[in-house]
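Student: Sharing a structure below in structure tokens format, with a few things to ask.
The values are calculated or read from the model by the stated rules, or taken from the named source; none is laboratory data. These numbers come from a predicted model, not from an experiment. Neighbour counts run over all protein chains shown; Cβ positions are idealised from the backbone, glycine included. Side chains are part of the model used for accessible areas, which takes the heavy atoms of the whole protein and leaves out ligands, DNA and RNA. Shrake-Rupley method; radii C 1.70, N 1.55, O 1.52, S 1.80 Å.
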Amino acid sequence: ETSDLAVIRITIAGAGPNGVEIAWKLVDRLKTRGEIRLIDKDLQPSIKVVKMHHIGFIKTGVQIDLNTNIETIQSNTVIINRQGKTHKLPRDLVLWTGGNDKLNGTKPKNQHNQQGQLIATPTLQLVGYPNVFVLGKLAEIRDIKGNKSPATAQAACQQSPCAARNI
């Protein structure tokens, strides 16, 4: 909201309930300054996406790409594959709501634990990637004393304001 950018280009990976809710919140907060793209690898959108579409979700300017895979996330670009064609999307921010099981081997090497969780610092930054923030069940997060945060919805709700402040 305080950015100097005229338009903030945001990709949300995962069109399930979390991705849809975040998209709505971003539309609410950024208004016309947000260029929001919701991407999901599945062909069938979630029931929530269908409902949002019917009540005007598309009219907000949010683009929905179904049956689309994210191949690479780079510094200011997301590379997607839709129907066998690769597209480069300039992006300012990428939010991953698809869950840990959807990463399909795209996790940085040596940056995850045996359960597949990404290892984060107490500030919710991915170890070795200070511009990447992870929380919830996707991440193994330990506080400064070494205590591990539980992988629960309650913990993710508590981590969200911290991630927002740190970003």
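Student: Mind checking which pairs have a first residue in segment 61-80 that is farther than 14 Å from V132 by Cα and a second that is open to solvent by 80 Å² or more (accessible area, probe 1.4 Å) and aliphatic (A, V, I, L, M), Cβ under 9 Å, 6 or more apart or different chains?
Tutor: L66/L43; N67/L43; I79/I73
Student: When residues of segment 141-167 are filtered for being within 19 Å of H112 (Cβ to Cβ), small (G, A, S) and assigned to a helix (DSSP H, G or I), how many remain?
Tutor: Result for segment 141-167: 3.
Student: Now a separate question. Just a yes or no: is a residue in segment 84-100 over 17 Å from the mean Cα position of the chain (by Cα), of a type in the set (S, T, N, Q), modelled with pLDDT of 90 or more and closer than 18 Å to A13 by Cβ?
Tutor: Checked against the condition, which is being over 17 Å from the mean Cα position of the chain (by Cα), of a type in the set (S, T, N, Q), modelled with pLDDT of 90 or more and closer than 18 Å to A13 by Cβ, segment 84-100 yields at least one hit.
Student: Filter segment 55-72 down to residues that are open to solvent by 70 Å² or more (accessible area, probe 1.4 Å) and within 18 Å of L26 (Cβ to Cβ) and give me whichever is nearest to the chain's Cα centre (by Cα).
Tutor: The selected residue is Q63.
Student: Please identify the pairs in which a residue from segment 139-167 that is within 15 Å of L95 (Cα to Cα) has its Cβ atom under 8 Å from the Cβ atom of a residue that is open to solvent by 60 Å² or more (accessible area, probe 1.4 Å) and among the basic types (K, R), counting only partners at least 6 apart or on another chain.
Tutor: Final answer for the pair search is A156/K137.
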